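Reviewing the structure listed below.
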Amino acid sequence: MVNDEVKKLNVRWLLVAYDLLILCGVELLLLFLYRSNEIQTLSSNIWQALITFLCVFAARYFGGVYRQVWRYGGIQCYIRLLLVDVVAFVFNFGIENLMPIHHLTFARLISISSMNLLGALAIRMVYRYAYKCNNTATPMGKLLELLLRVFAGQRVASGRRDELSKTKLAIIGAGRVGVTLAEDLLGRSDAAYLPRCFVDRDPDKAGREIHGIPVIMENEAVYDLLKELEVEEIALAVLDSESRKTLYERYSAAGYKIKVYDDPLMSEDGRRPALREVDLEELLFRAPIVMQDEIVSAYYRDKVILITGGGGSIGSELCRQLAKTAPKQIIVLDIYENSAYDLQQELKMQYGAALDLRVEIASITNKRALSRVFSEYAPQIVINAAAHKHVPLMETNCIEAVENNVFGTLNLVELCEEFGTERFMMVSTDKAVNPTNVMGATKRMCEMIVQAMSTCGRVKYSTTRFGNVLGSAGSVIPLFRRQIAQGGPVTVTDKRIIRYFMTIPEASQLVLQSGAMAKNGELFVLDMGEPVKILDLAENLIRLSGAKGIEIVETGLRQGEKLYEELLVKTDDLDKTENELIFIERETPPSWAAVEEKLALLRKACDTDRDEDVRQMLKRTVETYKSPEEVNAALV
C-alpha cells in the first residue's frame, strides 16, 4: 500500500516537473521573442516567473488537476485544466501588480498564460494518445512507447496482452456507440479484443480513420477486406432492431461469430456495457416493448396484490416487475413450492425488508384453500397466471385442463366477488383464438367467464392475450438449447410452422400495463409485429451456440398443433389504446347465464372421468373450437 502511494506521488510530482519545464521554456521563449524597450532586472524576471509558477501550481493543485488519471482523461479533464488556469491568470495578474517590482504588460502576461496552457494541454493529450495507441507493431507504435517511458517514467506497455493473443474485431457502426466501444477496447490493458476496423454505410465516413482505426464501406467487397484484416468476430454497435436483424443474418451467414454492444447512455448503473452474446430478445429482431413506468407504478403502488401461478415463468416476472412499483404487499400463490421458494429468496436478497412478500402453496382448484388466502390478505388486485399450458399434454389430460384452467379461474372470480377485490386480471394466449386444441379451448372459456362476469359483478375485470413466450418453461427455446448442448439433432415438428413471439418481460409488462389502463371487461391484445418461423429460430440458436454440424429434423405435427397461429391483431376490428401496440378486441361479452350453462355442461362431462367426453363438450361450449386438420388443410 505504501509503495502504491509513493508511486502515485512520484507520478504527480513528475507531472509538476514537466509543467515547470514547459513554463520555463515559455518564459525563455517570450523573453527572447517578446523584447520590451523597458529595462528589466534579472531579479524582476525571476520574481515574475516564480509568481506565475506558484499561481499556476496552486490553482492546478487545489483544482484537482494533479489528482486526475490522464491516461483515461476525457473532455471534462481538459475543461477543468482550462478553468483552473483562468483562475491562475487572474491571481497572477493581481499579485504581480501588487508586488514592488517591474510590472509585465497585460499582453505579455496573457501570452505567457496562454502558451503555458497550450503546452500543458499538449503534453497530456500526447500522453493519453500514446497510452491508448501504443499497442501496434509499427514504427509509430515504438515512438509512442518511447514517449510513454519519458512521460510516465516507466514502461507502461509491459503489462499489456500481446496483440497476437487478442481476438480481432470488426465494429459495425461508426457512430457514437461504435466509437465508444473502440475507445473502451483501446483504453483497457486487459481487453480481449483488438478493433481492426469500423464498417459503416455512410460514404462520408468510409476511407477515413477514427482513433487510428480505418472505416470501410459496407458493400459487396466488405468480406474481402475483413478477410485481409484477419477479422474473427463481429460487434454490432447499431441500435435499430431491423438493422440488427439484417446485419446479424448477413454476417452470421458469412461464418462470423456475432456480439452485441449496447448504448452506454441506456445503462441503468452508469457503467459502460461489455460486449455480450446475442440474447433471446435479439431473436425477435424488433424493439422490445417497454411499459409506461409512471402510469403503471402509480396504479400498483401501495396495493395488496395476489399473483396465482406466481412461481411460473410469467408469474415470477410479474412479481419482479411489481416489486419495482413499491406495492403494499405481494402474495405469491403456486402449487409448485420449489419455484415459489426460489422466487422468494431472489426477491428477499434484492429488496430485503423493503418488500412485504408472502408465499402460499395452494392450487386454484382448491377453493377452500383459496378462500383462506383471500380471507387472510384481502387482495385488492388478483392476477391469474396459473394455468396448464402444454398443448400436447393437455390433449391427453382433458379433464385436468378443464378443472385447472376453467374451474380454477371460476373459483378465483367467485372469491374476488365475495371478498370485494378491486380488480381481476386474466392472462390468456393466442391459442384461444379459433382454438384447435384443448388448452386453447379452455383459455377461451376462461376469457368468456371473465367477460361475462364483467357485465354483472362488482369487480373490474380484464383479460390480456399474447403469443408464445421466449424462454418460458415448456417453450421451444429451452428444448432447442438442450438438444444443441447434446450435439443434436434439433427437432421441429414442421419446418413451415410460424409463431408470434415475445419475451417474458414484455409479456409481463403488457399484462401490468393493460391491467392499469382497464376500465372493465376489456380483452386486450398486442400487436406483436411479424411472426417468426420456428425453423429460423432453431437455425439462429445453432449459430449463437457456435456449434457445428447440428442437424435439424422434422418430427411431424403434434396433437392439436396448428401450422400458423391466427393473427392476434386485425386493427380494423380493434379499438386503440394510449399505447400504440395494445388494442382492445371489439366483442360483445356473453351473458353470465349463458356461461353458467356452458360451465354446467363441462362439469357434467368432467364427472364422467372420460377425456373424450370432455373434449366433445368443449367443442359444444366453445363454438370456435375446430380440429387442427381442418384448419391446417385450409392454410396449406
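Using Cβ contacts closer than 10 Å as the measure, can you line up Thr624, Thr396 from fewest to most? Walk me through the intermediate numbers first.
Values: Thr624 14, Thr396 11.
Ascending number of Cβ neighbours within 10 Å: Thr396, Thr624.
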Original post:
In the stretch 395-477, which GluC sites (Glu not before Pro) are in a loop and have at most 14 other Cβ atoms within 10 Å, using DSSP for the loop call?
Top reply: Glu422
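Summing Lys, Arg as +1 and Asp, Glu as -1, what charge do residues with Cβ under 15 Å from the Cβ of Thr608 carry, Thr608 excluded? Let's see the in-between values first.
Numbers: positive: Arg603, Lys604, Arg610, Arg615, Arg620; negative: Glu400, Glu403, Asp607, Asp609, Asp611, Glu612, Asp613.
With Lys, Arg at +1 and Asp, Glu at -1, the neighbours total -2.
Going by how many other Cβ atoms sit within 10 Å of their own, how do Cys319, Cys606 line up, fewest first?
Cys606, Cys319
Estimate the FRET efficiency between Arg610 and Tyr336 by the formula 1/(1 + (r/R0)^6), using the beta-carbon distance for r and 22 Å for R0, to the nearest 0.05. Could you put the intermediate results ahead of the total?
Values: r = 28 Å, r/R0 = 1.26.
E between Arg610 and Tyr336, to the nearest 0.05, is 0.20.
Add +1 for every Lys or Arg and -1 for every Asp or Glu among the other residues with Cβ under 12 Å from the Cβ of Gly119, and state the total. Please report the intermediate quantities before stating the final value.
On the way: positive: Arg124; negative: Asp19, Glu27, Asp85.
Result for the local shell: -2.
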**OP:** List the relative contact order of the stretch 373-454 as a percent without decimals, with contacts defined as Cα pairs under 8 Å and 6+ residues apart.
**Re:** 37
Original post:
Name the GluC sites (Glu not before Pro) in the stretch 578-608 that are in a loop by DSSP and that have at most 14 other C-beta atoms within 10 Å, would you?
Top reply: Glu578, Glu580, Glu587
Original post:
So, how do all the Cα-to-Cα distances of the stretch 334-389 break down into 5 Å bins, in percent, from 0 on up?
Top reply: 4, 16, 23, 25, 22, 8, 2
Subject >> Estimated inter-spin distance, Asp263 and Asp224, nm [label 7 Å along Cα→Cβ] >> reply: 3.7
**OP:** Quickly work out the Lys348-to-Leu479 label distance, labels modelled 7 Å from Cα along the C-beta direction, and quote it in nm with one decimal.
**Re:** 3.6
Original post:
Extension gain Phe32-Leu239, at 0.36 nm per residue separation less the Cα-Cα distance, in nm?
Top reply: 68.9 nm
**OP:** Please give the contour-minus-distance gain from Leu14 to Glu249: 0.36 nm per residue of separation, less the Cα-Cα distance, rounded to one decimal in nm.
**Re:** 79.3 nm
**OP:** Express the relative contact order of the stretch 304-425 as a whole percentage, based on alpha carbon pairs under 8 Å and six or more residues apart in sequence.
**Re:** 29
Original post:
Are there GluC sites (Glu not before Pro) in the stretch 195-243 that DSSP marks as loop and that have at most 12 other Cβ atoms within 10 Å, and which are they?
Top reply: Glu220, Glu230
Original post:
Over the Cα atoms of the stretch 327-473, how large are the radius of gyration and the largest Cα-Cα distance (Dmax), in Å?
Top reply: 15.7, 47
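No value in this document is a laboratory result; all are computed from the given coordinates. Because the structure is a prediction, the values reported are computed rather than measured. Because the Cβ atoms are built from the backbone with ideal geometry, glycine has one as well, and the counts that use them run over all protein chains shown.
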